[in-house]
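Okay, so here's the structure we're looking at.
Rule-based calculations on the coordinates, nothing more; no lab input. This one's a predicted model, so the numbers in the text were calculated from it and none came from an experiment. Note: ideal-geometry Cβ built from the backbone for every residue, glycine included; neighbour counts use all protein chains shown.
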Amino acid sequence: MGNLRKGVNMPEINNGTPQMAANTKEEVFERLRHERTIELAAEGHSFSDMKRWKLLETLNGPVYGIALYNAYYTRVVTERDYLWPFPLSECEKNPDLAKGQNPGW
């Protein structure tokens, strides 16, 4: 990770300054999560990051963001947002899929 950070002139984690201290796995994750939030603000990656990190359920209320052409959107997230439903066409081919549909769908 050090070479990547150095290549873009970012300070190293644990470089000696108190604000860059991260000594546990959780602290390093929080540091990187914060940096990604700042670096990619308004680029539409936040929801995908939260989904990838399995943190959607920690959000309270709607998620606000910016879509194309400066149109604002809101989205309320639930546990079902981790999995998509089985397509109807696939359930029609295999009725057992409809019986075991992903949670929330």
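For the reader, a short list of remarks on this structure follows.
- The stretch 2-40 residues near the modelled THR58 label - backbone nitrogen below 15 Å, point 7 Å along Cα→Cβ: 24-38
- Extension reserve of the PHE47-LYS25 stretch, reckoned as 0.36 nm per residue once the Cα distance is removed: 5.7 nm
- Extension gain, ASN14 to CYS91: 0.36 nm times the residue separation minus the Cα-Cα distance gives 22.5 nm.
- Local charge for LEU55 was computed over the other residues whose Cβ lies under 9 Å away, with Lys and Arg +1 and Asp and Glu -1, and equals +2.
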